[in-house]
1. For B:VAL267, state whether it is buried (at least 18 other Cβ atoms within 10 Å of the Cβ) and part of a strand (DSSP E or B).
2. Hey, can you tell me all the residues within region B:376-415 that are away from every other protein chain (no Cβ under 13 Å) and farther than 26 Å from B:ILE309 by Cα?
3. Among the candidates A:VAL92, A:VAL82, A:VAL52, A:VAL67, which residue alone is away from chain B (no Cβ under 14 Å) and within 12 Å of the chain's Cα centre (by Cα)?
4. Yes or no: A:GLN138 away from chain B (no Cβ under 14 Å) and without any contact (Cβ under 8 Å) to a residue 24 or more places away in the chain?
5. Scan region B:94-105 and tell me whether some residue there is more than 17 Å from the chain's Cα centre (by Cα) and buried (at least 22 other Cβ atoms within 10 Å of the Cβ).
6. Just wondering, is there one or more residues in region B:37-45 that are away from chain A (no Cβ under 14 Å), surrounded by 21 or more Cβ atoms within 10 Å (Cβ to Cβ), closer than 13 Å to B:SER289 by Cα and under 21 Å from the mean Cα position of the chain (by Cα)?
7. Before we move on, is A:ASP43 modelled with pLDDT of 95 or more, in contact with a Phe, Trp or Tyr (Cβ under 9 Å, 6 or more places away or on another chain) and closer than 29 Å to B:PRO375 by Cα?
8. Could you tell me which residue of region B:313-340 is nearest to the chain's Cα centre (by Cα), considering only residues that are hydrophobic (A, V, I, L, M, F, W, C) and part of a strand (DSSP E or B)?
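The values are calculated or read from the model by the stated rules, or taken from the named source; none is laboratory data. It should be emphasised that the depicted structure is a prediction, and the values quoted were computed from it without experimental measurement. No Cβ is skipped: glycine too gets one built from the backbone with ideal geometry, and neighbour counts run over all protein chains shown.
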Amino acid sequence: MSMLELYQEVILDHNKSPRNFRDMDCASHKACGKNPLCGDELDLFLNIEDGVIQDVSFTGTGCAISVASASLLTEKLKGRTVTDAEAIYREVHMMLTGESDVDPAELGKLAVLSGVCQFPVRVKCASLAWHTMHAALQDRSEDVSTE
Amino acid sequence: MNAPVPATAVWDTARIQQDFPILSREVHGKPLVYLDSAATTQRPVSVVEAVRKFDLTHNANVHRGVHLLSQEATQAYEGAREKVRRFLNAASVREILFVRGTTEAINLVSNSFGTSKIGAGDEIVVSSLEHHSNIVPWQMLAERTGAVLRVIPMSDSGDLDQEAYRELLNARTRLVALTHISNALGTVNPVREMIAAAHEHEIPVLVDGAQAVAHTAVDVRELDCDFYAFSGHKLYGPTGIGVLYGREALLEAMPPWQGGGDMIASVSFSGTTYNELPYKFEAGTPNISGAVGLGAAVDYVEALGLEAIAAHEADLLDYLVAQLSKIDCVRLIGEPAVRGGAVSFLIGDVHPHDIGTILDCEGIAIRAGHHCAQPIMERLGIPATARASVGVYNTKADIDSLVAPLPQIAEMFAR
């Protein structure tokens, strides 16, 4: 595993120019993710109407893996149903922990995160946004951590 | 087994590296470049062999057996204590307590000295350069007793504000707890002067020496400190063993912290009398082989010579700072007046964890994070730093290996 497999162009690009990197006043769901040992912090916002994610955004600071993962999440989930989002959450979780092979057709661009499972100490960076999204969907109010 | 180089010999890092077999291993297919000695130092063969020899030929419990092995184990354990006494130039072995490490040493003082001598409204002075282990035990004590924590501020360069420090000292101050060298920024504090200032008010001073003992000669009588704490594993010794030096009069007056075997003179249900120093503070079977390993580590650094070590490392740190300063996008975090052990830096907007992972792929081990010193990060307005730290085995070639990929990392992540 080389660093170039981990830091693929897509990850570097989403770190440089994170998509949907903004506050959301009209969010129906939100949650905060914090990994205090890393110093990673992100606020994740969702606007859900009739079971469909109309809008999703985030703000915060973190390493390239954590920012890119959050950015990719927002791209992936916009326009999807909550049921889809939960299914994708489970697949991403399994991919990051190396529990199953990725189905590229299903995960698309998110497959660039698959290299993370080779770097055990960085799995928590990639998974923070996803666990935070999951908590937001469940209306959990306490901060999320993957450390 | 390689004998350490005598202090009088010319410094020969290549020769020293042979004492550390781990340095010849590969990491991700690249030769290991170890620049994380501030987290833990590697162990020379002589330390590993001393522990091994003890475990295989002398192992027994100490202070209680009449049989030969127990006598040998006691001799080895107490022999290590004498080595540490000499290393710190303490007046007596009664002042040398074996503990698990610096953290336990500070907790011992906060629980024993703190609980008996510090009450509601009293003040404890710590500095903004402290590791969490020299903050949290005092916060816990403050919570228990109603004492107040006062913090010596620091400048952007990472030096403590000496004027503010002197103003903090007053009739309610019961203790100053101060790091000798900052693990996060490498600041060497003027501890001798700061201790003298506290003593003008008859305030005792605890020095956290975790980052200092491997880099500079420590003489507790010359420093005139009241407590000095350090860990074996940052001095080329094993983990799980450390030392608390305490001035004998203070230790005598302090109540035991943990109760159990070895710390008593006699036990009866009508009452217990405690053992004498240092055993009063060593309840339970100690880390005997760890102490033996620490003794061997002390032998190792003394054979190299602390002055020679300090000169070698100062040379390396000067070179590291100079090389880092040449790279545009690299920002040094902390430029203290006197530096020891470590250099913290950032590259543009790149998160230190990304720097750490990429360097790891090149076989280079550094530390990335807040270094258990979050108040420093908060003060400087950054979440974390990348930190390179040096030991006796490092070379300028190691520094070159670290510095070479940094411009590429900056370019890769440029926004």
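1. Values: buried (at least 18 other Cβ atoms within 10 Å of the Cβ): no; part of a strand (DSSP E or B): yes.
It is false that B:VAL267 is buried (at least 18 other Cβ atoms within 10 Å of the Cβ) and part of a strand (DSSP E or B).
2. The first filter runs over region B:376-415 and keeps only residues away from every other protein chain (no Cβ under 13 Å), leaving B:379, B:387-404, B:406-407.
The answer is B:ARG379, B:LEU406, B:PRO407.
3. Values: A:VAL82 fails: within 12 Å of the chain's Cα centre (by Cα); A:VAL52 fails: within 12 Å of the chain's Cα centre (by Cα); A:VAL67 fails: away from chain B (no Cβ under 14 Å).
The unique qualifying residue is A:VAL92.
4. On the way: away from chain B (no Cβ under 14 Å): yes; without any contact (Cβ under 8 Å) to a residue 24 or more places away in the chain: yes.
Here the answer is yes, as A:GLN138 does meet what is asked.
5. Here is the first cut: in region B:94-105, the ones more than 17 Å from the chain's Cα centre (by Cα) are B:94-95.
Filter once more, keeping what is buried (at least 22 other Cβ atoms within 10 Å of the Cβ): B:95.
The answer is yes; a qualifying residue exists.
6. Looking through region B:37-45, none of the residues is away from chain A (no Cβ under 14 Å), surrounded by 21 or more Cβ atoms within 10 Å (Cβ to Cβ), closer than 13 Å to B:SER289 by Cα and under 21 Å from the mean Cα position of the chain (by Cα).
7. Details: modelled with pLDDT of 95 or more: yes; in contact with a Phe, Trp or Tyr (Cβ under 9 Å, 6 or more places away or on another chain): yes; closer than 29 Å to B:PRO375 by Cα: yes.
Against the criterion (modelled with pLDDT of 95 or more, in contact with a Phe, Trp or Tyr (Cβ under 9 Å, 6 or more places away or on another chain) and closer than 29 Å to B:PRO375 by Cα), A:ASP43 qualifies.
8. The first filter runs over region B:313-340 and keeps only residues hydrophobic (A, V, I, L, M, F, W, C), leaving B:314, B:316-317, B:320-322, B:324, B:327, B:329-330, B:332-333, B:337-338.
Add one more test, that the residue is part of a strand (DSSP E or B), and what stays is B:330, B:332-333.
Numbers: B:VAL330: 28, B:LEU332: 23, B:ILE333: 21 Å.
Among those that are hydrophobic (A, V, I, L, M, F, W, C) and part of a strand (DSSP E or B), it is B:ILE333.
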